[in-house]
Amino acid sequence: MKNERLFFDLISPIYGLADTYFASSFKDASAVLAKEFSLAGKSVLDIGVGSGSWALELHKQGAQVTGIDFSQKMLKKAKDRCPREITILQADALSLPFADQSFDVVTSSLVLHGPGKEKREKILKEMMRVSRGTLIINDYYKKSPALVHMAEAFEASDYYYFRDHFEDELKVFFKKVNVFPGSKGLGLYLAQKY
């Protein structure tokens with residue numbers, strides 16, 4: 001999509017519908033994450049914080065969360081929804097304003113399926129640069145419900161390629177990649193450099 005920022009500013013008033021639809025999936029992914037990787041006391045950067053749903057799940061696990069988004073209107077939703085302990089900033093995932101290895105973990109939820117492969121690779125490189133070795137991605141994996149297909153067609157995302165190939169894309173950069181299939185077509189990708 002050519003003008004993602006405008007798109008997300010435009011859909012921000014109705015983005016709560018996506019939050020409602022995926023709420024149980026986020027809780028399921030959070031429960032799996034709690035079993036597989038402790039976030040307690042870890043610094044976490046949430047790329048594409050949106051309305052803050054994923055950041056809130058991470059915060060509940062004891063993470064010190066910083067959420068970024070490039071959409072002003074989405075940032076307002078996150079600031080209104082999240083407690084003060086979650087830092088919310090405007091930034092672009094293609095050029096993160098943080099030093100190398102600033103965060104224990106870098107994560108995103110329902111972000112990386114949007115851009116095409118080349119742009120996604122640039123975002124992944126930025127995520128790796130500011131992380132200390134762990135990425136956690138909550139995004140599409142394999143088959144999804146028809147409602148998701150319609151929404152992603154409207155967004156003109158890279159959804160179809162992403163859901164079938166993202167695990168292999170991660171394996172190019174990470175020594176260890178685990179995928180935990182979730183509900184409503186989502187999967188939790190845990191990628192570690194070491």
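Scanning the range 86-115 for residues that are open to solvent by 70 Å² or more (accessible area, probe 1.4 Å) and at positive phi yields a total of 1.
Filtering the range 33-62 to residues that are open to solvent by less than 30 Å² (accessible area, probe 1.4 Å), more than 12 Å from the chain's Cα centre (by Cα) and farther than 19 Å from residue 182 by Cβ leaves only 43.
For every residue, the table says whether it meets (1) within 26 Å of residue 60 (Cβ to Cβ); (2) surrounded by fewer than 15 Cβ atoms within 10 Å (Cβ to Cβ); (3) modelled with pLDDT of 95 or more; (4) acidic (Asp, Glu).
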{"residue": "84", "(1), (2), (3), (4)": "yes, yes, yes, no"}
{"residue": "123", "(1), (2), (3), (4)": "yes, no, yes, no"}
{"residue": "127", "(1), (2), (3), (4)": "yes, no, yes, no"}
{"residue": "140", "(1), (2), (3), (4)": "yes, no, no, no"}
{"residue": "155", "(1), (2), (3), (4)": "no, no, no, yes"}
{"residue": "162", "(1), (2), (3), (4)": "no, no, no, no"}
{"residue": "177", "(1), (2), (3), (4)": "yes, no, yes, no"}
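Being modelled with pLDDT of 95 or more, of a type in the set (Ser, Thr, Tyr) and closer than 23 Å to residue 174 by Cα is a property that residue 43 has.
The values are calculated or read from the model by the stated rules, or taken from the named source; none is laboratory data. Remember, predicted model here, so these are calculated numbers, not experimental data. All Cβ positions, even for glycine, are placed from backbone atoms using ideal geometry, and neighbour counts span all protein chains on display. For the accessible areas, the whole protein counts, side chains as well, though only heavy atoms, and no ligand, DNA or RNA atoms are used. Shrake-Rupley method; radii C 1.70, N 1.55, O 1.52, S 1.80 Å.
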